[in-house]
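Enquirer: Mind having a look at this structure? Questions to follow.
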Amino acid sequence: MLLIADSGSTKTDWRLVGPQGQAAAIQTDGFNPYYQTTDEMVATLQAQLVPQLKKGTVTDVFFYGTGCTGETVNYIVANALHAVLPNVTTVSVNSDMLGAARGAAGHVPGIVCILGTGSNACCYDGKQIIRGIQSLGFWLGDEGSGGYLGKTLVRDFFQERLPDELRSAFQSRYALDRPTLLENAYQKPYPNRYFASFTPFLSEHLAHPYINDLVTDTFVLFLTTYVRRFPEASQWTVHFVGSIAYYFATLLEQAVTKTGLIMGQILKAPATRLVEFHKNG
């Protein structure tokens, strides 16, 4: 049986694939080798994953995760998996970007983008990533992401750029003041998650021209800054994975058309499609 994981820092979506191709869904806490040790991962896996598996049934594990960007950190995850599944034949640990690419594009070359709390993009040849962007993180990049959208909305609120009706609705909902904003932005961890938490306000007011333009312009900025710069952009289909891409799909499609790109798949998460990728070899 195959065990496939799509892991973020908050949660991990697992698929246990049987010999006839049937897939059972399992969810556990997330993993990030930059912040967790092998022992900490083992404890979580033993408590949350192993009880849902039949002993000795898993032969191969394919793990795609946040922070799995090189041999050193990937080794931390692989060690944890080997510790709780000692009889597996193969443990393959790769980045969430490769998981998104294989899930969205399958075995076909394409450009694949992640638009969630953060953002990223790559060129994918049907097996591996052949070209990517160097992410500069939330403060210096992440255009098109939930964090960037939320940051833009909050900045416009404090700088009094929001139309009066939106400004009143925002203040009524969040009662946000400057000290609270700055504390979350500069003192507390994960400012990207904090700012991404404001994106429901955008989706609830999407019919307003100001919000519509804000979201569309942000997607155009992402596509022109990163995707259009790939030499393959004029010929390859562009796919998207992530909650922001999924919930703002209509405006994302408009931005793709506006920038002259070829629209592909939009997936909220890649786990189910990764089953198809690995079943088909």
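The values are calculated or read from the model by the stated rules, or taken from the named source; none is laboratory data. In this text, all values refer to a predicted model and were calculated from it rather than measured experimentally. Here the Cβ positions follow ideal geometry from the backbone for every residue, glycine too, while neighbour counts run over all protein chains shown.
Enquirer: In this structure, is residue 168 of a type in the set (Gly, Ala, Ser), assigned by TED's automatic domain parsing to the domain that holds residue 222 and either touching a Lys or Arg at 6+ places or on another chain (Cβ under 9 Å) or at pLDDT 95 or above (or both)?
Expert: So residue 168 fits the description; yes.
Enquirer: Shifting gears a bit: Please state which of the following conditions residue 225 fails to meet, knowing it meets all the rest: (1) modelled with pLDDT of 95 or more; (2) within 16 Å of residue 142 (Cα to Cα); (3) of a type outside the set (A, V, I, L, M).
Expert: (1)
Enquirer: Working only within the stretch 259-281, note down all residues that are among the basic types (Lys, Arg) and either farther than 14 Å from residue 104 by Cβ or at pLDDT 95 or above (or both).
Expert: Residue satisfying the conditions is 279 alone.
Enquirer: Failed condition for residue 277, given (1) in contact with a Lys or Arg (Cβ under 7 Å, 6 or more places away or on another chain); (2) assigned to a loop (DSSP other than H, G, I, E, B), with all others met?
Expert: Among (1) in contact with a Lys or Arg (Cβ under 7 Å, 6 or more places away or on another chain); (2) assigned to a loop (DSSP other than H, G, I, E, B), residue 277 violates only (2).
Enquirer: Given the criterion modelled with pLDDT of 95 or more, out of contact with any Asp or Glu (no Cβ under 7 Å at 6 or more places or on another chain) and farther than 30 Å from residue 176 by Cα, identify the matching residue among 132, 110, 99, 126.
Expert: Of the residues listed, the single one that is modelled with pLDDT of 95 or more, out of contact with any Asp or Glu (no Cβ under 7 Å at 6 or more places or on another chain) and farther than 30 Å from residue 176 by Cα is 110.
Enquirer: Would you mention how many residues in the stretch 233-274 are over 17 Å from the mean Cα position of the chain (by Cα) and either of a type in the set (Val, Ile, Thr) or part of a helix (DSSP H, G or I) (or both)?
Expert: Here the count works out to 13.
Enquirer: Let me ask something else about it. Given (1) among the hydrophobic types (A, V, I, L, M, F, W, C); (2) within 24 Å of residue 100 (Cα to Cα); (3) without any contact (Cβ under 8 Å) to a residue 24 or more places away in the chain, identify the lone condition not met by residue 241.
Expert: (3)
Enquirer: Can you name every residue in the stretch 1-38 that is free of Cβ contacts under 8 Å to residues at least 60 places away in the same chain and touching a Gly at 6+ places or on another chain (Cβ under 8 Å)?
Expert: 1, 9, 10, 11, 12, 24, 30, 31, 32, 33, 34, 35
Enquirer: Inspect the stretch 57-75 for any residue being buried (at least 20 other Cβ atoms within 10 Å of the Cβ), in contact with a Cys (Cβ under 7 Å, 6 or more places away or on another chain) and without any contact (Cβ under 8 Å) to a residue 60 or more places away in the chain and give the result as yes or no.
Expert: yes
Enquirer: Which of (1) more than 19 Å from residue 150 (Cβ to Cβ); (2) at pLDDT below 95; (3) not charged (D, E, K, R) does residue 256 not meet, given it meets every other one?
Expert: Unmet condition: (2).
Enquirer: Still on this structure: Filter the stretch 244-260 down to residues that are in contact with a strand residue (DSSP E or B) (Cβ under 6 Å, 6 or more places away or on another chain) and touching a residue at least 60 places away in the same chain (Cβ under 8 Å) and give me whichever is surrounded by the fewest Cβ atoms within 10 Å (Cβ to Cβ).
Expert: Applying the filter and picking the extreme gives 245.
Enquirer: Quick one: in the stretch 161-179, of everything that is outside any helix (DSSP H, G or I) and under 13 Å from residue 210 (Cα atoms), which residue is farthest from the chain's Cα centre (by Cα)?
Expert: Step by step, filter the stretch 161-179, then rank; the result is 163.
Enquirer: Which of the residues spanning the stretch 261-275 are under 25 Å from residue 197 (Cβ atoms) and surrounded by fewer than 18 Cβ atoms within 10 Å (Cβ to Cβ)?
Expert: 268 - this is the single residue of the stretch 261-275 that is under 25 Å from residue 197 (Cβ atoms) and surrounded by fewer than 18 Cβ atoms within 10 Å (Cβ to Cβ).
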